[in-house]
Amino acid sequence: MPAGVSLTTGNICPSGELHIASGELCRAALSLYNFPLSSSSSIGLNGDYYNGVEDDSDWPKGCYYCDDTPSCTDGVWFNEHATGAASDNAKVLCSPDLTPIPADPLLFVGDSDIDYWRNTESQFSEGHSAIYNVGFGGYTCSDVKPEVTSFTATFAPKTVVLVCGENDLAGGASVSSTYSKFKEVVQAYIDGGAEKVITVSTKPEPETTSLHTKYEELDGLIKSDFIKTMDGKFVFIDSYNAFLDVGNTRDLYADDGLHLSDKGYEHWNTWVATTLSDVTGCTLWKSNECDEEGDDVDDGGGGASNLHVNAGVTLGATLGVVLAGLELV
């Protein structure tokens, strides 16, 4: 498990540490830096600080950070130059062990809900040799899709935790186009070698009530349609209805009413940990329980919910009760 990263003014890493070797690893390094950037700043570097890749002999090589640095746009850059150079107060990111590819990697990818999810690397360490978080605040599913190839090549994730879709809808995309792009992202990760993609659904945020109908339609399409096509390789966590079940209280969200608070993330930590350790093959979860009997499943078109119990599904394994060949519609 990566031990973390350091941030040092100049172009030389501390003893025992190395420069970050690629743009993809630079993205992952941001989530690993968990110290205040200044006496008045919040803790850590967010994924949306990342500005891109350059090749410039005048700046530190590898992954570096600028803040009020002359001639440098604030944020993080990856410099491909072989040597680079120290420049004013620019700080280089270094790590003793941030190198792929481990045996059982877990990759967190998507929008700000992933980006601002602190300590994913330690929170889900059990059962995984390495965890990488490359979330980027503001990302849509359309933004996530082009990066699949580079992330699968770099990290070779066995399991992917994906969150995207809300920003697509907020930006004016239709439910159908967002659903199509979401499916493309999931399939691309599966085609790239991932054995499972876990997604956490939309949220009934206080500041996005005008989008809630679209959120429910998108989640409904995924639950009632897409899950069935993925042969157990896709898992859906219904955060929207689970938050409603606990009252959707304001303290689940940050001050902006859009992002999650620590309390909100506590629920996500529990729910994702449960799905990661699950051995039953359940593909639909709500409130930390398997929900494959169909509670709250909407077809995305406002019609009646469907209840499907597939042949051979075991309910209550300890009782040995099996419903075979039963389908209620």
Scan region 117-168 for residues that are of a type in the set (A, V, I, L, M, F, W, C), over 10 Å from Leu107 (Cα atoms) and surrounded by 17 or more Cβ atoms within 10 Å (Cβ to Cβ) and report the count. 8
What single numbered condition from (1) part of a loop (DSSP other than H, G, I, E, B); (2) closer than 30 Å to Val197 by Cα fails to hold for Thr73? (2)
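Table: residues versus (1) surrounded by 13 or more Cβ atoms within 10 Å (Cβ to Cβ); (2) out of contact with any helix residue (DSSP H, G or I) (no Cβ under 7 Å at 6 or more places or on another chain).
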position: Leu45; (1), (2): yes, no
position: Asp55; (1), (2): no, yes
position: Asp58; (1), (2): yes, yes
position: Tyr65; (1), (2): yes, yes
position: Asp68; (1), (2): no, yes
position: Ser95; (1), (2): yes, no
Considering only region 239-291, state which residues are part of a loop (DSSP other than H, G, I, E, B) and within 21 Å of Thr208 (Cβ to Cβ). Val246, Gly247, Asn248, Thr249, Ala254, Asp255, Asp256, Gly257, Leu258, His259, Ser261
Looking at (1) surrounded by fewer than 16 Cβ atoms within 10 Å (Cβ to Cβ); (2) assigned by TED's automatic domain parsing to the domain that holds Phe182, which one does Asp74 not meet, given that it meets all the others? (2)
Out of curiosity, is Ser129 in contact with an Asp or Glu (Cβ under 6 Å, 6 or more places away or on another chain), under 16 Å from Gly4 (Cα atoms) and either touching a residue at least 60 places away in the same chain (Cβ under 8 Å) or of a type in the set (Phe, Trp, Tyr) (or both)? yes
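The values are calculated or read from the model by the stated rules, or taken from the named source; none is laboratory data. Keep in mind it's a predicted model, so treat the numbers as computed, not measured. All Cβ positions, even for glycine, are placed from backbone atoms using ideal geometry, and neighbour counts span all protein chains on display.
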